[in-house]
1. Could you tell me which residue out of Ala286, Gln262, Leu276 lies farthest along the dipole of segment 250-301 toward its positive end? Charges go on the beta carbon: Lys and Arg +1, Asp and Glu -1, centred on the Cα centre.
2. I want the local charge near Lys283. Using Cβ-Cβ distances under 14 Å, sum +1 for each Lys or Arg and -1 for each Asp or Glu among the other residues.
3. Which of the residue pairs Lys345/Lys372; Lys319/Lys442; Lys442/Lys490 have a Cα-Cα distance greater than 22 Å in the structure shown?
4. What are the ³J(HN,Hα) couplings of segment 132-146, residue after residue, when phi is run through the Karplus curve with 6.51, -1.76, 1.60 and θ = phi - 60°? Round to Hz, x for glycine and proline.
5. Which residues' amide hydrogens lie under 5 Å from the amide hydrogen of Val328, considering only partners 5 or more residues apart or on another chain, with H built in the peptide plane?
6. What area, in nm² and to one decimal, does the C-alpha convex hull of segment 83-183 cast on average over all directions?
7. Residue by residue through segment 164-179, what is 3J(HN,Hα) from phi via Karplus (6.51 cos²θ - 1.76 cosθ + 1.60, θ = phi - 60°)? Round to whole Hz and write x for glycine and proline.
8. Quick one: if you take sqrt(5λ) for each eigenvalue of the C-alpha gyration tensor of segment 136-177, what semi-axes come out, biggest first, whole angstrom?
Amino acid sequence: MARAVIRFDNISLQHGQQILFVEASAALHKGEKVGLVGPNGSGKSTLFRCVMKEETPDEGQVSIDRGMTIGYFRQDVGDMEGRSVIEETMDGAGPVAQVATELKKLEHAMGDPEQMDNMDKLVERFGEVQARFDELGGYALEGRAREILAGLGFRESMVEGDVGALSGGWKMRVALARILLMQPDAMLLDEPTNHLDLESLIWLETFLQRYEGALLMTSHDREFLNRVCNRVLEIDGGEITSFAGNYEYYVQQRAIADQQQQATFERQQAMLKKELAFIERFKARASHAAQVQSRVKKLEKIDRVEPPRRHEKVSFEFKAAPRSGEDVVNISGVNKAYGDLVIYKDFNFLLRRKERWAVMGINGAGKSTLLKMIAGQTRPDTGSAVIGASVKMGYFAQHAMDVLDGEKTVWQTLVDNFSRSSEGTLRSLAGCFGFTKDEVDKVVRILSGGEKARLVMALMLFDPPNLLVLDEPTNHIDLTTKEMLIDSLKNFEGSMIFVSHDRHFLSELSNRVLELTPEGPVPYGGGYTEYVSRTGREAPGLS
């Protein structure tokens, strides 16, 4: 086996009352691609921080191979401003970045009329710096940086623009590009797929498959973990357990291990019950004293088997949606443009009862615009978007989280919306969407993006509409909640139209695909799986 480049030896770590690790050990080997999984709050991000020496275990140690370079991608990217996207990306590549910065300054100085007197010195220095830049592979590096940025969805015009003008999601992509360009010996990637569209996600998948260093990552994307990882480390209950194989194989092995442990636990419980019954029955009889003592001692020495920790998905029986008319949405002769940018030209579309449309298209194709028109959030320039008879709509978009009252707790939010429901029903609903007993008392304003998304989803599905309009519903939602959501929506009796970059979600829930192309919309009968087999690609922007 390849040598271990990062080792966790008997680490124990506690945050206040919460025990994260108890004498846990694991190793990451050269060339391995490892998925890190575990319940929310189990310590995945803490493990990354221990490698980066931002946190130290209470006991045990984390060892890293001497001279090893590590690239660490995390969700909080910090301030980025004052440089172009390409400069910020190349800045992660070490010494060559400083040389590139000086080269840019010299170019500006040489074009400045006020610097004419210094021109000889500037030209001489420019020659030296240019030679050094070339020696360090700078020109090839810039080419690679541009290639990586294009892979992550940056248009050419964005690459030269100020990084400070970008949204948080695009800054995340720049932070990721810096690490990919750096090509470190090991990469720690904490949720790298969160802000990526489907094309970028598939590009990153291919990039990481070819990466030769050691990789440790978390992701809420099941398909991504499946295709990139060749081993899974599970953190649960203070322990780190290693499973060979990809995520799908891990799920199977985890289920088998749980079954075996449950069977062993039940056998031991039956034996203990029998032994204790014998002791209870004969403890007062002198004739059986020796046997009773012998059995008591035997029980004292037995290693007690624990039942398996519960890994099953939480499920919730949602009420049946009321029946709508047969024609749910009818879009007729729609034209829509933003300035010179034409999004739709004479666009027609009919969504019928029980159809589940996945809307596909490259960035800017008009996916969100279509959902907003259906939801009445934006109007067509000409033409009509008509909602059918008896349609009750539920619309989920990223801004849907803004309507939550930041000062209320999760529990108050649920009670205020569903005041006639019993406490037991609402606790079950909260648990189903990942809010445990303590977490329902959290104030909404301190919730993470994922927690807010889960709360909005709970509010929308508890008293279900018969038309769901979902714009990236799985962003920031963890694997367990995502599985629960997929299971619930599989049983949903209404109609759906949605945009998602999660291939598992797309393939499990769609029965129609609408691809928005520059030539106009192209409908496909059959769901996402059929779309992939018919087109030979997983996303519209891929050749």
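Nothing in this text is a laboratory measurement; each read-out follows from the coordinates by a stated rule. All figures in this text were calculated on a predicted structure; none of them were measured in a lab. In this analysis, Cβ positions are derived from the backbone assuming ideal geometry, glycine residues included, and neighbour counts consider all displayed protein chains.
1. Value computed over the given set: Ala286.
2. It works out to a net charge of +2.
3. Correct reply: Lys319/Lys442; Lys442/Lys490.
4. Here the 3J(HN,Hα) series is 5, 4, 5, 4, 7, x, x, 5, 5, 5, 5, x, 5, 4, 5 Hz.
5. HN-HN under 5 Å from Val328: Leu351, Arg352, Arg353.
6. Value for segment 83-183: 6.7 nm².
7. Per-residue couplings from phi come out as x, 7, 7, 6, x, x, 6, 5, 4, 5, 5, 4, 5, 4, 4, 6 Hz.
8. Values: eigenvalues 73, 21, 18 Å².
Ellipsoid semi-axes (Å, largest first): 19, 10, 10.
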